[in-house]
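Here the structure comes first, spelled out in structure tokens, and everything after it is commentary.
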Amino acid sequence: MIDPHALRCAFDALPERTRKVFWFYRVDDLSYAQIAERVGITIEEVQTEIANALYGIDRLLRDAARTDRELATADQGSRSRVDSCCWQRWWFRHW
């Protein structure tokens, strides 16, 4: 099961245009053509942005899960120094 907080952090870490396109597609249920018109991009760019969003969210969630497993086995004292929602910094380093 996906942690809603982790999913929100991963979504927030996406670039603004990618986030906007993905939101229109998944939440507002708009067609590619409607999204392209609203954002001012081509349909091909909409498809690319959706693919980038899915890839980015998947990668961040997998990395976060791996980090959580590593932290669970590490010393509890070091865990307090780790910001559980520091994925944005990680995202911008690896995007």
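Just the ratio, please: alpha-carbon radius of gyration of segment 1-70 over 2.2 N^0.38 Å, N its number of residues.
That ratio works out to 1.20.
At 7 Å along Cα-to-Cβ for each site, give me the label-to-label distance between residue 55 and residue 8 in nm.
Here the answer is 2.8 nm between the modelled labels.
Each label point is 7 Å from the Cα along the Cα-to-Cβ direction; what then is the distance between the points at residue 23 and residue 43, in nm?
2.5
Got the relative contact order for segment 11-52 handy, in percent, Cα pairs under 8 Å and 6 or more residues apart?
Relative contact order for segment 11-52 comes out at 39 percent.
Bear in mind that the values in this text are calculations on the coordinates, not laboratory data. Small disclaimer: the values here were computed from a predicted structure and weren't measured. Methodologically, a virtual Cβ is constructed for each residue, glycine included, from the backbone with ideal geometry; neighbour enumeration extends over all protein chains shown.
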